[in-house]
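Student: Dumping the structure here so I can ask a few things about it.
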């Protein structure tokens, strides 16, 4: 393996045997292979990639796509069914909240225990402990059994222990989602520091803002297979298009007709109401240049567009949109016309509706409804959560100059 390659996977495959009943395991053993009492499930199939020293690589994909299985194979927790994975260097992993912690041990004891597993001596852990305790910032609880910890305290201590292990490869699997915002910012700042020092980071998250802000490259997994590898923003767009099938992929792939997508890919939050003479097709978000996007930046303008096909002639037809948070709070919306001034339609007519809005939302995930209203105010068609977008964090502000405000400076 070349010296600049830290992680190398070749045709990596992991399959499991699934049994319908606990007794089927015994039957399978006693059958000597003459009968099959299980079904095979392939969690990861023929995955090949290289990660270079100093890279920060994001791994994204829907739940069940094989992300955690891949990380466990890289860490050596699982053995591949086929293929191989080679790691050149020390690994420190935060795969699960408190994984490897003994609930009866105190925080201090668990830190030393984790250090021993990593290969550090007692003296080396003595040198690191104060920095770990200060980073975790859980006060006197450091000497209490971890079974008394809250989930936030758990992740603070676990991350602090992992980040101070001086790893060549740091692996993080969604663990930071538990901490508060201040701690998350503290963790990402530390990640940036160790990345600048040459550490390779493999980062799994559903937060596309974090993926695009902190990763040099991304891997997109789909149903256990490596679908794409490339720039984080392009893969984040593709991932979000898969999460919300009514939103076309950013590379210009064919639009999906509402209600016609694969039900296995349809998000559970999407609700398509019955049609009453109209059909909403392909809700999507565009840049002013007409490019489909799921990743928005604050202060910039975007267009929310969809087509409407009418199955009957009508007067005073109005279209609308509504933007909401993931917990359902309504932030605002637009309508195409005031009552009485709507669109006049004809049988078979195809209408292109566009709403322009400025993105003044905080970083996070948002959902957009689409609706068509008839003359009496009732919905002709309506899609809840027809599209989804992520507002990216703003770039870090850099100091470009200083002003002397010290008391020693006197006014004349």
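Please treat every number below as a calculation from the coordinates, not as lab data. Since we're looking at a predicted model, the values are computed, not measured. A quick note on method: Cβ atoms are made from the backbone with ideal geometry, for glycine too, and the neighbour counts reach across all protein chains shown.
Student: So if I take the centroid of the Cα atoms in the range 338-374 and the same for the range 20-61, what is the distance between those two points in Å?
Tutor: Measuring centre to centre over Cα atoms gives 46 Å.
Student: Could you grab the relative contact order for the range 43-157? Cα pairs under 8 Å, six or more apart, rounded to a whole percent.
Tutor: Relative contact order, the range 43-157: 22 percent.
Student: What distance in nm separates the simple spin-label points at residue 276 and residue 344, each placed 7 Å from Cα in the Cβ direction?
Tutor: Result: 2.3 nm between the two label points.
Student: What is the helix-to-structure angle for 181-196, meaning the angle in degrees between its Cα long axis and the longest Cα principal axis of the chain, kept from 0 to 90 and rounded to the nearest 10?
Tutor: Taking the Cα atoms of the chain, the angle to 181-196 is about 60 degrees.
Student: Right, another one. So, R0 is 30 Å and r is the distance between the beta-carbons of residue 88 and residue 182; what FRET efficiency does that work out to, to 0.05?
Tutor: It comes to 0.30.
Student: DSSP beta bridges in the range 5-235, what fraction antiparallel, as a percent rounded to 5?
Tutor: Roughly 55 percent of the beta bridges in the range 5-235 run antiparallel, per DSSP.
Student: So in the chain, what percent of DSSP beta bridges are antiparallel if you round to the nearest 5?
Tutor: On the way: 64 of 83 bridges.
DSSP beta bridges in the chain are roughly 75 percent antiparallel.
Student: For labels at residue 15 and residue 166 in the simple 7 Å Cα→Cβ model, what's the distance in nm?
Tutor: Result for the modelled spin labels: 4.3 nm.
Student: If you average the sequence gap of Cα pairs under 8 Å that are 6 or more apart and divide by the length of the chain, what percent do you get for the contact order?
Tutor: Relative contact order here is 14 percent.
Student: For the range 255-391, what is the relative contact order in percent, using Cα pairs closer than 8 Å and at least 6 residues apart in sequence?
Tutor: Worked out over the range 255-391, it gives 31 percent.
Student: Note the angle between two axes, namely the Cα long axis of helix 122-136 and the longest principal axis of the Cα atoms of the chain, as a number of degrees from 0 to 90, rounded to the nearest 10.
Tutor: The angle comes out at about 30 degrees.
Student: Choose one answer from 186, 354, 45: the residue with the largest mean-square fluctuation in a GNM of the chain with alpha-carbon springs under 10 Å.
Tutor: Maximum among the listed residues: 186.
Student: Using label points projected 7 Å from each Cα along Cα→Cβ, tell me how many nm separate residue 311 and residue 3, to one decimal.
Tutor: Result for the modelled spin labels: 6.9 nm.
Student: Turning to a different aspect of this structure: From the helices alone, meaning DSSP H stretches of at least four residues, give me the mean residue ellipticity at 222 nm for the chain, per-run term -39500 (n - 2.57), in deg cm²/dmol to the nearest 500.
Tutor: -7000 deg cm²/dmol
Student: Would you mind ranking 229, 378 by Cβ crowding within 10 Å, fewest neighbours first?
Tutor: Working: 229 14, 378 9.
The fewest-first ordering by Cβ neighbours comes to 378, 229.
Student: Relative to the longest principal axis of the chain, what angle (0 to 90°, nearest 10) does the C-alpha long axis of helix 151-163 take?
Tutor: 60
Student: Applying 1/(1 + (r/R0)^6) with R0 = 41 Å to the Cβ-Cβ distance of residue 337 and residue 217, what FRET efficiency is obtained, to the nearest 0.05?
Tutor: The formula returns an efficiency of 0.35 here.
Student: Would you calculate the convex hull of the Cα atoms in the range 265-392 and tell me its volume per residue in Å³?
Tutor: 114
Student: Compute the FRET efficiency between residue 297 and residue 193 as 1/(1 + (r/R0)^6), taking r as their Cβ-Cβ distance and R0 = 25 Å, and round to the nearest 0.05.
Tutor: 0.50
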